[in-house]
1. Once you have a ≥ b ≥ c as the square roots of the Cα gyration tensor eigenvalues for the stretch 24-145, tell me rounded if a/c is under 1.5, and otherwise prolate or oblate according to whether a/b is larger than b/c.
2. If I build a Gaussian network model for the chain, linking alpha-carbon pairs within less than 10 angstrom, which residue out of 97, 133, 74 has the largest mean-square fluctuation?
3. At 1.4 Å probe size, with every protein chain present, just tell me what the per residue accessible area of the stretch 1-116 comes to in Å².
4. In terms of the Cα gyration tensor, with a ≥ b ≥ c the square roots of its eigenvalues, is the stretch 89-145 rounded because a/c is under 1.5, prolate because a/b exceeds b/c, or oblate?
5. Which longest uninterrupted range of the chain lacks any GluC sites (Glu not before Pro) assigned by DSSP to a loop state (not H, G, I, E or B) and surrounded by at most 15 other Cβ atoms within 10 Å?
6. When the chain is treated as a GNM, springs tying every alpha-carbon pair under 10 Å, which of 35, 117, 102 comes out with the largest mean-square fluctuation?
Amino acid sequence: MLEKNFAEVYNKFKLQFYRRVFELVRDRDGSLSAMEAFSLEVIYMLGQPTVSQFADFLNISQSNATYKVNNLIKKGYLERQNSTVDRREYHLILSDKYFAYMDIYANYELTVMRRVMERFPEEDVACFDRILKVMSAELMPECKL
């Protein structure tokens, strides 16, 4: 039963995410392709990665990653920032345009968490929080953020 319930919740989060991506890629000025929207989401979750880190995470070639990054820079959703450690290296920084574009749609995860906090006692929410921390830190080593 746990597996079924978890899969149902996970699938609902994915469905909401896909809905949001497809809303974002509708025809409008400066629109993104679905692949570009997914790429920006990955960059956001990786937290200012280098192009190499972005390519490695997606298991794509450096040249493919550079091509994607350059297109996103041209569209104004992404910027390069030189590393303070190694000036030859740069990090991918999401632009204000990205945040304005993404802000159009409410953050579904926060909505659900607010509902959880309203629906369940504080002790249950604290337990759920501990479980999520362990899941992220220990049980999902393939997705280090």
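1. oblate
2. Most flexible of the set in this elastic network: 133.
3. Per residue, the stretch 1-116 has an accessible area of 67 Å².
4. oblate
5. For GluC sites (Glu not before Pro) (loop position, at most 15 other Cβ atoms within 10 Å), the longest site-free span of the chain is 1-88.
6. Maximum fluctuation in the GNM of the chain, among the listed residues, is at 117.
The values are calculated or read from the model by the stated rules, or taken from the named source; none is laboratory data. Bear in mind that the values here come from a model prediction, so they are computed numbers and not experimental data. Positions of Cβ are generated from backbone atoms using ideal geometry, with glycine treated the same way; all protein chains shown enter the neighbour counts. These accessible areas exclude ligands, DNA and RNA; they are computed on the full protein's heavy atoms, side chains included. Shrake-Rupley method; radii C 1.70, N 1.55, O 1.52, S 1.80 Å.
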